[in-house]
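The values are calculated or read from the model by the stated rules, or taken from the named source; none is laboratory data. These figures come from a predicted structure and were not determined experimentally. Cβ placement follows ideal geometry from the backbone for every residue including glycine, while neighbour counts extend to all protein chains displayed.
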2 protein chains.
Amino acid sequence: MAHTMDRFGFELPLLLAGAFRQLIDELHRRLAEQGHPDLRPAYGFALQAIGPDGATMSEIGRRLGVSKQAATKTVGKLAELGYVDRAPDSADARAVHVTITPRGRDSLRRSAEIFESLRREWVRELGADRVRALEDDLATMTDLAGGVPLHDLPGWLR
Amino acid sequence: MAHTMDRFGFELPLLLAGAFRQLIDELHRRLAEQGHPDLRPAYGFALQAIGPDGATMSEIGRRLGVSKQAATKTVGKLAELGYVDRAPDSADARAVHVTITPRGRDSLRRSAEIFESLRREWVRELGADRVRALEDDLATMTDLAGGVPLHDLPGWLR
DNA sequence: CTATCTTCGACAACCAGGTTGACGATTGAT
DNA sequence: ATCAATCGTCAACCTGGTTGTCGAAGATAG
């Protein structure tokens, strides 16, 4: 029974937060280098929520788990930065159809690449087994085993 | 080589964030049940930063990694809620000495207990080895191997 | 002992990312 | 044809931050 002393319970959230923070910070550092200096963490989630087929404001809000007002604001900034386009919805005169621009798609493509590269760094450091175990364990504890919803994520990243 | 397909890189931050979120939400759910419904995540960090001997506004800001103005605001709310006291510093007429009230200490004690209990749940679910491995791996990747600083944590929790 | 430099904390204005509430316009269901 | 639900916007507000400015108080030189 090699019983190395257990860590304190409060360290667990701190470690999770620290690791998350580090990944997100590094992502944005690299995105900035690759021509996307204005992309904030929240924007990535929003783009993700819009999806390849576009979506309406309300739909984006629902997918993100925020109010449609909040979604409207975020989309407004995304539009100013050239990451999305807004157009009247052909099927519903009340609705606005939001689509991702080529620049937006470029940022998503690069984000995905950067995340893969970051994960490879974890694998180099910890080994593939440990990383998989870590992911599996986190998925277990969050009952997010299949598919991570965007809900409840934005807001507390910066 | 049983090579179950690797997860996508972007899932890692999502899993970390989800797990963190879940722990913090559960902490505050239980704290609310135990007589601390007004304690927000940021306040716990601030109390932590004040410490058993108290601290000045600037010191709290430094420990938290935020401006002294931000620290002043948070301490103000903490004081309104009865978690801290402010008194003139005996050694420096410019400074304000902030101390934790008994109620504040109660909340810290309960938080520590809740975090221990939450960690025990992880151990029940995943096994002590996996939890230790997870903590060690996260500590490795965050070079937070020894002692987690409060710096850069507040702000992106809610 | 005085002149200068730094630090302390407060005040004000601002930002990001949310919230609720109200509202006119449109849609869909009866 | 009516009436309720939904669409997006506006306005006001909250939280947790930011900068800049400032007077008062301390530290350090000369």
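Structure notes:
- Candidate set from segment B:50-98 (those that are touching a Pro at 6+ places or on another chain (Cβ under 9 Å) and under 22 Å from B:PHE115 (Cβ atoms)); member that is farthest from DNA strand D (Cβ to nearest atom): B:ARG63
- Filter result for the condition that a residue is within 14 Å of DNA strand C (Cβ to nearest atom), of a type in the set (A, V, I, L, M) and free of Cβ contacts under 8 Å to residues at least 12 places away in the same chain, over B:ALA32, B:ALA17: B:ALA17
- Scan segment B:32-70 for residues that are farther than 21 Å from A:LEU15 by Cα, part of a helix (DSSP H, G or I) and either touching a Leu at 6+ places or on another chain (Cβ under 6 Å) or within 14 Å of chain A (Cβ to nearest Cβ) (or both) and the total you get is 1.
- Here is the figure for segment A:80-98: residues that are of a type in the set (A, V, I, L, M, F, W, C) and exposed (fewer than 15 other Cβ atoms within 10 Å of the Cβ) total 3.
- Evaluating A:LYS73 against the criteria (1) surrounded by fewer than 19 Cβ atoms within 10 Å (Cβ to Cβ); (2) within 13 Å of another protein chain (Cβ to nearest Cβ); (3) assigned to a helix (DSSP H, G or I) leaves one unmet condition, (2).
For (1) within 12 Å of chain A (Cβ to nearest Cβ); (2) within 24 Å of A:ARG130 (Cα to Cα), each residue gets a yes or a no:
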site: B:ALA93; (1), (2): no, no
site: B:VAL96; (1), (2): no, no
site: B:THR99; (1), (2): no, no
site: B:GLY104; (1), (2): no, no
site: B:SER107; (1), (2): no, no
site: B:GLU113; (1), (2): yes, no
site: B:SER117; (1), (2): yes, no
site: B:GLU125; (1), (2): yes, yes
site: B:ALA128; (1), (2): yes, yes
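Quick grid of which residues meet (1) outside any helix (DSSP H, G or I); (2) of a type in the set (D, E, K, R); (3) crowded, with 19+ Cβ neighbours inside 10 Å; (4) in contact with a Lys or Arg (Cβ under 6 Å, 6 or more places away or on another chain):
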residue: B:ASP6; (1), (2), (3), (4): yes, yes, no, no
residue: B:PRO13; (1), (2), (3), (4): no, no, yes, no
residue: B:LEU16; (1), (2), (3), (4): no, no, yes, no
residue: B:ALA19; (1), (2), (3), (4): no, no, yes, no
residue: B:GLU26; (1), (2), (3), (4): no, yes, no, no
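- Test for A:VAL75: is it at pLDDT 95 or above, within 25 Å of B:GLU125 (Cβ to Cβ) and touching a helix residue (DSSP H, G or I) at 6+ places or on another chain (Cβ under 8 Å): no
- Only one of A:GLY54, A:GLY104 that is buried (at least 21 other Cβ atoms within 10 Å of the Cβ) and over 13 Å from the mean Cα position of the chain (by Cα): A:GLY104
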